[in-house]
Amino acid sequence: MTNIEADLQKNPQFDWSASECELGIDRSGIINIGWLCSDRPCQMGKAAKTALLWEDHQGVEKVFTYNDIRILSNNIAAYLEGLGLKPGERICLFMDRVPELYIGFLGILKLGAVAQPLFSAFGEESLFTRLDNAQTSAIITQRKHALKVRKIRDQLPNLRYIIIVDAGEGALKEREIAMDMEKLPKADDYKVYPTKAETSSVLHYTSGTTGQPKGAQHVHYSIVSQYITAKWVLDLKDDDIYWCNADPGWVTGTSYGIIGPWVNGVTQAVLDSGFNAERWYKFIEKYKITVWYSAPTAIRLLMREGKETVQKFNLSSLRHLCSVGEPLNAEAVHWSKETFGRPFHDTFWQTETGCIVITNHPALPVKPGSMGKPFPGIEAAVLNPQTFEPVNQTGIAGLIALKPGWPSMVRSYWNNPTGYQNKFKNGWYLCGDRASIDIDGYYWFMGRDDDVINTGGHLVGPFEIESALLEHPAVAESAAVAKPDPINMEVVKAFVVLKPGYAPSDDMELDIMNLIRKRLSPLAMPQEIEFIDALPKTRSGKIVRRILRAKEFNEPLGDMSTVMND
Ligand code: WT7
């Protein structure tokens, strides 16, 4: 029987407070994610149980028990405190998927500081924007990424410490210090900071249509949602070996790549390596992964790889599969049933929701192509885009909206109260996506409601790309839009207007692409650049990306009344 069925049988009335009870916490008392994910499992008799099975791309393995992660995260918290870092300060984690990232995350939270994880493939400009915005006090990184930090640190007066986890004998620059996690002074009985439900915990940056990325601020109370959704949707059980292949630079990698499994006392496996079908299958076979949380892009890559590759491995340990980040095509569900003997279960959510909100949970029959129904305790609706009232009619598309109040809802955007307020209309939180609801209450995803580009489950904002494009000496103006792509669903395409005296060429195109890849990230790099004479604009001068996008997707242009004719 699945966890959700067993629990609902005992107690059919859903209430978040039942989860608080299971976690032994109280909304008005002390709640600390770092403690709940490491000390508590130890207190529950799991001290010697494996918490983390780690392997890198060269096959180097490390194993950590719950007691190991408890002590090591204590040591890190004490070390950071010893440096003078205080509760509430932002401490950035800027690393590949090394153990220090996962355990450091708990350490930062035990100190009462705010963990700010950033994707290690970010270039110096993406990094700068987010460290500058959050007024980050310290960054924990690896030698290979420290070079990017060095380029920008002089423009970051708040950044007091650059902590390098693998410095070895390497030479350190000013403000840089070495922290060898395995050799830190012991702080076995570290006194975890008494954070409360509403104390800030994790700060994740997410992209919007306008302006620079927004810092979605979460609080320690979020763990209530992450605990129960991991238990019910991922169906995590005591003897599971769980694998979430998302990077903790994104919310999936923290909510369900750190907090969800560990607060449930489950063993999780981490592979510090990019996509490679054979390596992934081998990883599942070797560690006998039972529950796997993946994404449509990865599934499409595996599908492309074909049957021969899958057949080389014994993947019979897999018992439950979930997916997030983009619409999960019906083909992918059918393929996974055929290949693994079980369907992928879709889960819909966002950086801002902090937890899965609409899903094919394991007790719900899967309708391939639909993302399922709202999770118990989540009130969702599809709103009419003009009135912001629920459409209350099956099959009619509208805006996906949620009633505020679930535990892991984003509490603010860092330094951006207006951006935060704009997410709410008529008492609803708007996700920025469109869907319709069928007669059985299942949600069918239609697309985003804005110009944000979803490339392989990662959101990229046009503004950040367009700002970086302007740094190229030949670029006068530009617009970044989504272009359909068979593997990544969407990729970035840039329309560029050149300054007088510059002519389009293949070299110019490559040069511009490289600039974005280096300064922002490989995700943000335009896969195609089209040079044009002028951008479509409204009479008030705003770029109408919708028109450029519609061309790429072969969609109707919609209302053109405010667009200038040129
Ligand atoms: C956006 C949120 C939190 C997960 C990782 C992404 C899209 C997410 C689905 C899904 C269709 C999905 C939406 C959403 N998205 N899951 N199951 N089906 N679209 O977090 O970076 O905040 O992106 O990803 O557009 O708004 P994120």
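Confirm whether Val149 is open to solvent by less than 20 Å² (accessible area, probe 1.4 Å) and touching a Ser or Thr at 6+ places or on another chain (Cβ under 7 Å). Against the criterion (open to solvent by less than 20 Å² (accessible area, probe 1.4 Å) and touching a Ser or Thr at 6+ places or on another chain (Cβ under 7 Å)), Val149 qualifies.
Using the structure shown, decide if Thr199 is closer than 20 Å to Asn415 by Cα and modelled with pLDDT of 95 or more. If you could, list the steps in order and put the result at the bottom.
Details: closer than 20 Å to Asn415 by Cα: yes; modelled with pLDDT of 95 or more: yes.
The answer is yes for Thr199.
Residues in the range 344-363 that are within 14 Å of the ligand (Cβ to nearest atom) and assigned to a loop (DSSP other than H, G, I, E, B): Trp349, Gln350, Thr351, Glu352, Thr353, Gly354, Cys355, Ile356, Val357, Asn360, His361.
With respect to the stated conditions, Glu326 fails to be within 11 Å of the ligand (Cβ to nearest atom), under 19 Å from Lys214 (Cα atoms) and in contact (Cβ under 8 Å) with a residue 60 or more places away in the chain. Taken over the range 322-337, residues that are closer than 18 Å to Tyr281 by Cβ, open to solvent by 30 Å² or more (accessible area, probe 1.4 Å) and of a type in the set (S, T, N, Q) amount to 0.
Of all the residues in the range 50-78, those that are in contact (Cβ under 8 Å) with a residue 24 or more places away in the chain, of a type in the set (D, E, K, R) and either over 30 Å from Gly88 (Cα atoms) or not assigned by TED's automatic domain parsing to the domain that holds Gly107 (or both) number 3.
Would you check if Gly24 is free of Cβ contacts under 8 Å to residues at least 40 places away in the same chain, closer than 21 Å to Ser222 by Cα and open to solvent by 20 Å² or more (accessible area, probe 1.4 Å)?
Working: free of Cβ contacts under 8 Å to residues at least 40 places away in the same chain: yes; closer than 21 Å to Ser222 by Cα: yes; open to solvent by 20 Å² or more (accessible area, probe 1.4 Å): yes.
Answer is yes for this residue.
Of Arg539, Arg546, all but one fail to be open to solvent by 50 Å² or more (accessible area, probe 1.4 Å), touching a residue at least 60 places away in the same chain (Cβ under 8 Å) and not aromatic (Phe, Trp, Tyr); the exception is Arg546. For Asp507, the criteria (1) outside any loop (DSSP other than H, G, I, E, B); (2) under 18 Å from Asp450 (Cβ atoms); (3) without any contact (Cβ under 8 Å) to a residue 24 or more places away in the chain hold in every case but one, which is (2). Could you run through the range 388-399 and say how many residues are within 14 Å of Asp438 (Cβ to Cβ) and either open to solvent by 10 Å² or more (accessible area, probe 1.4 Å) or out of contact with any Ser or Thr (no Cβ under 8 Å at 6 or more places or on another chain) (or both)? Total meeting the criteria: 7.
The set of residues from the range 449-458 being assigned to a strand (DSSP E or B), touching a Leu at 6+ places or on another chain (Cβ under 9 Å) and near the ligand (Cβ under 9 Å from one of its atoms) comprises just one member, His458.
Taking the range 378-435 on its own, how many of its residues are part of a loop (DSSP other than H, G, I, E, B) and either within 14 Å of the ligand (Cβ to nearest atom) or of a type in the set (A, V, I, L, M, F, W, C) (or both)?
Looking only at the range 378-435, we keep the residues that are part of a loop (DSSP other than H, G, I, E, B), and these are 378-379, 384-389, 391-397, 403-411, 414-416, 422-423, 426-427.
From what is left, the residues that are either within 14 Å of the ligand (Cβ to nearest atom) or of a type in the set (A, V, I, L, M, F, W, C) (or both) are 378, 388, 391, 396-397, 406, 408-410, 414, 423.
Residues meeting the conditions: 11.
From the list Phe340, Phe375, the one residue that fits, being open to solvent by less than 30 Å² (accessible area, probe 1.4 Å), within 15 Å of the ligand (Cβ to nearest atom) and either of a type in the set (Phe, Trp, Tyr) or out of contact with any strand residue (DSSP E or B) (no Cβ under 9 Å at 6 or more places or on another chain) (or both), is Phe375.
In the range 287-298, which residues are under 18 Å from Gly456 (Cα atoms) and either in a loop (DSSP other than H, G, I, E, B) or not β-branched (Val, Ile, Thr) (or both)?
Residues of the range 287-298 under 18 Å from Gly456 (Cα atoms): 292-298.
Passing the criteria: Trp292, Tyr293, Ser294, Ala295, Pro296, Ala298.
Contact map, the range 338-361: first residue under 17 Å from Ile437 (Cβ atoms), second residue among the small types (Gly, Ala, Ser) and within 8 Å of the ligand (Cβ to nearest atom), Cβ cut-off under 6 Å, separation 6 or more or different chains; pairs are Asp346/Ser323.
The values are calculated or read from the model by the stated rules, or taken from the named source; none is laboratory data. Treat the numbers as computed from the prediction; the structure is a model and nothing was measured. Positions of Cβ are generated from backbone atoms using ideal geometry, with glycine treated the same way; all protein chains shown enter the neighbour counts. Please note that ligands, DNA and RNA were not included when accessible areas were found on the heavy atoms of the full protein model with its side chains. Shrake-Rupley method; radii C 1.70, N 1.55, O 1.52, S 1.80 Å.
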